[in-house]
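Encoded as structure tokens, the structure appears first; notes follow it.
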Amino acid sequence: MHAWLVREERFGQPTTAFQKEVVPVPSIADDECLVYVMAAGINYNNVWAALGIPVNVIKARNKQGEKENFHIGGSDASGIVYAVGKDVTNVKVGDEVVAHCGQWNRNCPWVTAGNDPMYSPSFRIWGYETNYGSFAQFAKVQAQQLMPKPKHMTWEESASYVLVGATAWRMLHGWPEHKLNAGDVALIWGGAGGLGSMAIQIAKASGAIPVAVVSGEDKIDYCMKLGAKGCINRKNFDHWGMLPHWKDTVGYNNWLKGVRSFGAALWDILGTKASPKVVFEHPGESTMPTSMFVCDTGGMVVICAGTTGYNATVDLRYLWMRQKRVQGSHFANCVQANDMNELAVEGLLDPCMSRCFTYDDLPVAHQLMHDNKHPHGNMAVLIGAPSFGTGKSADAPVKLAKATLPKSDVHDTPHPYPLSMPLPSVAGEIEAEIKVFDDGSKVRDQMHKGIIFCSKTDALEDAARVMIDNDVHAVVVVDNNLAVGVVSQTDIVMARQGRTPEETRALPVGQFMTDGCATCHADAPLSAAITDMLRRRIHRLVVVDADSKPIGVLSMTDIIRKVLA
């Protein structure tokens, strides 16, 4: 069969990583089908597969016992059933189908016990974590992946919506206590994107009230035609990012002012002071503090990605006192995928396909996505279909308003990180790959002997003078010969907020110091101390002796001096 292959020796830019080759048609198991692919969807996961980062998908499969030294990607497909295994009963040869991308071992004990296969250790994303995806004449799929193709859609339209649609469905309907119902408010981040456009339509179909967050005024009409009650332009606000520390009164209050303005914009759209029962999250790092704040009491923030980063902060008081929920979500099981697909079959879900490519331009489509120059919405590529616009066999059951974005619309947000990638676990599958280098140096070989310190009962003025006189920005707090905390210039600045200089000078160190002190033993390996500083994201440790008495300081400056020596 003809296919677009990625091989390890050409990992890199999609335009060079993908190359046409001819390979044998794969054999199928008893619960599998061979699908003659008419069109395939374009998703970020095979941009990562082409690059070979952060996961070498070929090597990962080779470790699991698969022998192929190539990768055929593609996690969305429309096509015709060409062959079926002997245990297949839900489809027959000749059926026109679409495929979802969730695969799992049907004999996994977790699955056979009737549990959600999404939690099975055997779960994989087809066409990314498995081989023989949709970028070939024939795709090898599990029969449970196959669903009816909407008769009113072209091959390319029907190949473009399933991955994002099923992901959005599980997020909005997959958690019984927080399932989105008629009249519920749903806040949808990235309303003009592939995920957001599906979420708006799915929420509307359930009778809920979707409000979209967008990155520009040019996307508002698009989201409104999809069914949004209204849109919030995130560029009208500047409080994004990590939550300021709760001790930072000024910073936290400035953030609070911004997030309250955002909440007020939501209320203006709704015409009432209602809060979202569900917040549909995927930006992650920059938006999670806001999502947690505006989510309704007893509501849920559900997240499937971290396009702005993986480290997120929340004010835990809102989590426990308002009893909100943070729920992770990843793709969907076959029941949820089929429920979503019913909307598409009934004509209630527009695929929001923005562009389709010829078979020869498959690498170009991925390169545009890599360069963040692709259009918003969902993209597809023709595989077996002879031309654009073919595959329709009926009129649409429902006439939907056609939503399109201006041709000048561009991406101004970073592309997402991989949604599916191996993670370290308790079992430690990757331990064999971890290498620790230790040249035998001890902490005492590199530390500065002696420490600059104060006590808990000293006044902040005294601690400040010690810092100024010694040209340092923090001092160790010692009590009964033990390091019990640190007081920094930042702590003193925080203490000054709302007080006169005279009041601040007299305050005791113990009231404003940071409790606890990051320490290391003088005879510990220097490599262990470096690891500890990197893990904590700090740049110095207090060195203690066998009796836990502080005797010196080790800083990253000392480490750098040694590294570059």
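Does segment 93-183 come out rounded, prolate or oblate by the C-alpha gyration tensor, with a ≥ b ≥ c the root eigenvalues, rounded set by a/c under 1.5 and, if not, prolate when a/b is larger than b/c and oblate if not? The shape class here is oblate.
Average accessible surface for segment 4-57: 37 Å² per residue, computed with a 1.4 Å probe over protein heavy atoms with every protein chain in place. Exposed loop sites were defined as chymotrypsin sites (Phe, Trp or Tyr not before Pro) in DSSP loop states (anything but H, G, I, E or B) carrying at most 10 other C-beta atoms within 10 Å; in the chain the longest segment without such a site runs 1-309. Put the Cα centre of segment 216-293 next to the Cα centre of segment 81-156 and the gap is 38 Å. A 1.4 Å probe over all protein chains sorts Arg124, Arg540, Arg7, Arg535 by accessible area into Arg535, Arg540, Arg124, Arg7, starting with the largest. The residues of segment 236-307 have, on average, 41 Å² of accessible surface per residue, using a 1.4 Å probe with all protein chains present. When the charge dipole of segment 138-261 is built from unit charges on Cβ atoms (+1 for Lys and Arg, -1 for Asp and Glu) and taken about the Cα centre, the candidate among Ala139, Leu226, Val211 whose Cα reaches farthest toward its positive end is Ala139. Its Cα gyration tensor gives the chain an equivalent ellipsoid. The semi-axes, each the square root of 5 times an eigenvalue, are 51, 31, 20 Å from largest down.
Give the lysines reachable from Lys86 as a straight Cα distance under 16 Å; neighbours fewer than 8 places away on the same chain don't count. Cross-link targets: Lys140. Rounded to the nearest 5, the antiparallel percentage of DSSP beta bridges internal to the chain is 65%. Once the C-beta distance of Ser527 and Ala182 is scaled by a Förster radius of 56 Å, the resulting FRET efficiency is 0.45 to the nearest 0.05.
Between Asn372 and Val250, the distance separating the two model label sites (each 7 Å from Cα on the Cα→Cβ line) works out to 3.1 nm.
To the nearest ten degrees, helix 162-173 and the longest principal axis of the Cα atoms of the chain are 60 degrees apart.
Ellipticity at 222 nm from helices only: DSSP H runs of n ≥ 4 in the chain, each -39500 (n - 2.57), divided by the residue count, give -8000 deg cm²/dmol. Rounded to the nearest 20 debye, the dipole magnitude of segment 201-293 is 280 debye, with +1 charges on Lys and Arg beta carbons, -1 on Asp and Glu beta carbons, and the Cα centre as origin. Considering segment 445-565, its Cα convex hull presents a mean projected area of 7.9 nm². Solvent-accessible surface of segment 122-186, averaged per residue with a 1.4 angstrom probe and all protein chains in place: 24 square angstrom.
Full-extension gain between Lys399 and Gln489, please, as 0.36 nm times their residue separation minus the C-alpha to C-alpha distance.
Gain on extension, Lys399 to Gln489, equals 26.0 nm.
What's the FRET efficiency of Lys63 with Ser27 using the Cβ-Cβ distance as r and R₀ = 22 Å, to the nearest 0.05? About 0.55, to the nearest 0.05. The long axis of helix 334-345 is offset from the longest Cα principal axis of the chain by roughly 60 degrees.
Taking the longest Cα principal axis of the chain as reference, the axis of helix 249-270 is set at about 30 degrees.
Extending 7 Å from the Cα toward the beta-carbon at both Arg465 and Asp87 defines two label points whose distance is 8.1 nm.
Taking label positions 7 Å along the Cα-Cβ direction at both His539 and Thr457, the computed distance is 3.5 nm, reported to one decimal. Taking each residue as 0.36 nm, the span from Gln327 to Cys108 lengthens on full extension beyond its C-alpha to C-alpha distance by 76.4 nm.
Annotation: lysines with alpha-carbon distance below 27 angstrom to Lys235 (same-chain offsets under eight excluded): Lys204, Lys219, Lys225, Lys257, Lys273, Lys277, Lys324, Lys373, Lys402, Lys407.
Taking only protein heavy atoms and a 1.4 Å probe, the accessible area of the chain is 54% carbon and sulfur. The calculated Kirkwood hydrodynamic radius for segment 262-318 is 11.8 Å, given to one decimal from all distinct C-alpha pairs. Looking at the square roots a ≥ b ≥ c of the eigenvalues of the Cα gyration tensor of segment 1-148, which shape do they give, rounded for a/c under 1.5, prolate if a/b is larger than b/c, or oblate? Verdict is oblate for segment 1-148.
The values are calculated or read from the model by the stated rules, or taken from the named source; none is laboratory data. No experiment lies behind these values; they were computed from the predicted model shown. Backbone-built Cβ (ideal geometry, glycine too); neighbour counts: all protein chains shown. To get the accessible areas, we keep the full protein, side chains included, count just its heavy atoms, and leave off ligands, DNA and RNA. Shrake-Rupley method; radii C 1.70, N 1.55, O 1.52, S 1.80 Å.
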